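Colleague: Sharing a structure, written as C-alpha cells. Questions coming.
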Amino acid sequence: MIALLLSFGASTAAATVVDGVKFESKLHAQEVILNLRGSGTLRYMVFIKAYAGAFYLPEGVMADQALTDVPKRLEVEYFQAISGEDFGPVTNRSIAQNVGSATFEKLRARIAYHNSLYEDVKPGDRYSLTYIPGKGTVLALNGTPKGTIEGADFAAALFSIWLGPNPIDGKFKQALLGE
C-alpha cells in the first residue's frame, strides 16, 4: 500500500526553486494530480534558514480546505541537521496548540507512532507527508516510505502544524497556501 501512495511522477511543467531547493509544480498520487499551492522558507531567529517547503493540493481545492479530507502533500527540505528524537516534542507541542485536548488524547497513539518513524536529517534531506483519503498519511524520508498512519483526523492534526490556526510560523503558512 505504501508504494501505491507514493507513486508520484515528476511533471514536465516548470518547477519552483526556493532558496536553491527545487519543488515540482505537479505530482501524481495514485490517480490524483496534486498542484503546487505555495512554497517558502521557514526561518528561526529571523535569519537562520531551517528548511524550504512546498504544499500541494488537487486543482480546485481552496486554501481554506487544506485541512479537510482532501489529498495533500507537504515536502520539506532541510538546511540544518536535526536529530530524529527532536522531532517528536515539537510535533506534540505543535499539534496540541492546534487541536483541543480531547482530540489530542484521541490521536495520542497515532502521533506517538508517527514520531517513532523520524530519523536524523542532514542538510539536503527531504521529508514528505502525503495524505490520500481512505488510505492515510505516509511519512517518507528522501522518497523512502517510513510508515502510514490512518485517519483524516490524524492528517488534519498533523498538517495543522504548518497550516492550522496556530501554525509553527504564520509567514510560512501564508507562503505554503500561496497567500
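The values are calculated or read from the model by the stated rules, or taken from the named source; none is laboratory data. As the structure is a computational prediction, the values presented were derived from the model and not from experiment. Cβ placement follows ideal geometry from the backbone for every residue including glycine, while neighbour counts extend to all protein chains displayed.
Colleague: When both residues are 6+ apart or on different chains and their Cβ atoms are under 7 Å apart, which pairs have a first residue that lies in region 116-136 and is more than 22 Å from residue 89 (Cβ to Cβ) and hydrophobic (A, V, I, L, M, F, W, C), and a second that is surrounded by 19 or more Cβ atoms within 10 Å (Cβ to Cβ) and at pLDDT below 95?
Modeller: Filtered contacts from region 116-136: 132/5; 132/29.
Colleague: Kindly indicate which of 115, 92, 98 is modelled with pLDDT of 95 or more, crowded, with 19+ Cβ neighbours inside 10 Å and either over 13 Å from the mean Cα position of the chain (by Cα) or part of a helix (DSSP H, G or I) (or both).
Modeller: Among 115, 92, 98, only 98 is modelled with pLDDT of 95 or more, crowded, with 19+ Cβ neighbours inside 10 Å and either over 13 Å from the mean Cα position of the chain (by Cα) or part of a helix (DSSP H, G or I) (or both).
Colleague: Right, something else. Identify, please: which residue in region 135-162 is under 10 Å from the mean Cα position of the chain (by Cα) and in a helix (DSSP H, G or I) and is, among those, farthest from residue 104 (Cα to Cα)?
Modeller: Out of the qualifying residues, it is 162.
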